[in-house]
Amino acid sequence: MNYIIDRRLNSKKKSTVNRQRFFKRYRHHIKKAVSDAVDKRSITDMDKGEKISIPTKDINEPIFHHGEGGKNTRVLPGNDRFNTGDQISRPQGGSGQASGKGNASDSGKGEDDFVFQITQEEFLNFMFEDLELSNMVKRQLAGVDEFEIRRAGYTNEGSPGKVNIIRSLRSANSRRIALVGKKRRRLKELKSELKKLEEEEGENSERKLFLTQEMEELQGKIKRVPWIDDFDLKYNLHVKFPIPHSQAVMFCIMDVSGSMDQSTKDIAKRFFLLLYLFLQRNYEKIDVVFIRHHTSAKEVSEKNFFYDRETGGTIVSSALHLMDEILAERYPQSQWNIYGAQASDGDNWNDDSSTCYKLMTEKLLPKLQYYSYLEITSRKHQALWHAYEKVLEGFPQKFAMKQLENAADIYPVFRELFQKKTL
């Protein structure tokens with residue numbers, strides 16, 4: 001008996017290529033399952049893997065088989081119900097597809113749907129596929145730790161592997177022309193004079209001998225000039241240039257006032273958790289600032305943002321004022337890509353919505369790359385929504401606003417807000 005031992009380095013994951021091919025083929029089913037899972041999951045289970053079910057009818061593959069062959073004559077009965085091209089409806093019952101639901105039967109057979117498990121990594125890949133932060137630009141960072149090598153001309157010193165042959169030969173040729181050019185012109189004159197003396201009659205042996213000796217001396221000097229010298233060698237010069245990075249900051253602003261009931265807060269938290277996972281997974285150099293507000297705003301930690309139970313009245317502008325102060329202190333516009341996301345139920349104190357409009361249009365949006373506002377309510381829109389509609393008219397590329405009514409709207413709205421824009 002022969003034994004085959006797989007010693008490939010990738011032996012534990014030797015089906016990776018096939019798995020990726022499988023994902024590509026059933027991408028539609030997987031993305032739908034991921035979308036459904038996000039809607040149903042709790043906050044603590046948002047980043048776990050998922051079981052994917054694919055109907056049996058979608059995994060059937062075409063097969064080749066032998067036909068009857070030869071020439072056959074058949075007589076088929078006509079019909080008064082169908083014409084060419086009509087589709088025949090599926091028979092009712094007894095289909096044999098054991099899909100898990102239906103009445104008991106004493107006949108028929110089939111197969112269960114194909115179910116497989118995707119990992120946490122694969123789940124997040126599908127969840128955040130084709131998403132990005134809008135309008136991000138590259139800015140130079142202080143203390144850059146990544147560099148790229150660029151060509152920066154030529155130098156007279158370097159390693160043998162960086163010799164530029166063309167430049168070196170050009171330099172050597174220029175040097176030889178400069179050193180022996182005058183001698184070659186003199187040699188040409190002597191040859192011309194010697195030729196004339198040979199054509200003339202008479203005794204010119206002494207002069208011919210002198211010219212011959214001088215020509216030999218010049219030819220010797222020309223030959224002694226080296227074909228290439230160390231001075232001629234030119235090397236490609238490469239220098240390190242710092243790579244500019246896209247560094248960004250995201251402000252997460254959540255309304256925790258008394259008008260926000262527990263279900264509304266839960267929807268807001270689920271959206272922000274989805275946003276937090278997206279940022280942490282796709283961007284290395286990004287800061288996240290968490291701000292909770294009721295009548296006053298406060299910068300909090302990630303844990304307090306999601307689990308603190310403090311509540312109160314509603315003054316939305318307090319959060320925008322705090323955001324502007326933090327920007328002035330820590331995040332200069334020249335060095336940071338600045339983003340904001342705000343979630344509220346739309347309730348606001350008296351004329352504070354007009355204050356929010358001024359803060360957004362005069363102070364914040366001129367500095368921001370993108371800002372999104374989510375209103376979590378099924379009621380009629382109030383003053384804050386109408387104020388932000390005016391903001392949207394003035395900044396359509398930087399500002400977006402959406403309404404959420406229930407948890408099922410979170411993932412579709414999230415993808416719509418951060419969909420990658422194609423040029």
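The HN-Hα couplings worked out from phi for the range 161-178 by the Karplus form 6.51 cos²θ - 1.76 cosθ + 1.60 (θ = phi - 60°) are x, 9, 5, 9, 5, 5, 5, 5, 5, 5, 5, 5, 5, 5, 5, 5, 5, 5 Hz, whole numbers, x standing for Gly and Pro. Between the amide H of Val289 and those of Met250, Phe251, Cys252, distances stay under 5 Å, these residues lying 5 or more places away or on another chain, with hydrogens modeled in the peptide plane. Two numbers describe the Cα atoms of the range 194-329: Rg and Dmax, which are 43.3, 128 Å. Once backbone amide H atoms are built at 1.01 Å from N, Leu404 has Glu375, Ile376, Thr377 as its partners under 5 Å, excluding neighbours fewer than 5 places away on the same chain.
Within the range 248-417, the percentage of alpha carbon pairs spaced more than 18 angstrom apart rounds to 57%.
A DSSP coil position with no more than 13 other Cβ atoms inside 10 Å describes the following trypsin sites (Lys or Arg not before Pro) in the range 258-364: Lys285, Arg309. Backbone phi angles across the range 386-391, fed through the Karplus curve with coefficients 6.51, -1.76 and 1.60 (θ = phi - 60°), yield HN-Hα couplings of 5, 5, 6, 4, 5, 4 Hz in residue order; Gly and Pro are listed as x.
Loop-resident GluC sites (Glu not before Pro) (DSSP state other than H, G, I, E or B) in the range 221-307 with no more than 10 further Cβ atoms inside 10 Å of their Cβ: Glu284. Let me check I've understood the local charge: for Thr314, count other residues with C-beta under 11 angstrom from its C-beta, Lys and Arg +1, Asp and Glu -1. What total comes out? With Lys, Arg at +1 and Asp, Glu at -1, the neighbours total -4.
Give me the net charge for the shell around Ala328: Cβ to Cβ below 10 angstrom, other residues only, Lys and Arg +1, Asp and Glu -1. Summing Lys/Arg as +1 and Asp/Glu as -1 gives 0.
Pairs spanning more than 20 Å between alpha-carbon atoms, out of Lys363/Lys390; Lys303/Lys367; Lys188/Lys223; Lys183/Lys223: Lys303/Lys367.
Readers should treat all values here as calculations from the given coordinates under stated rules, not as data from a laboratory. What you see is a predicted model; the values in this text were computed from it and never measured. All Cβ positions, glycine included, derive from the backbone under ideal geometry; neighbour counts span all protein chains shown.
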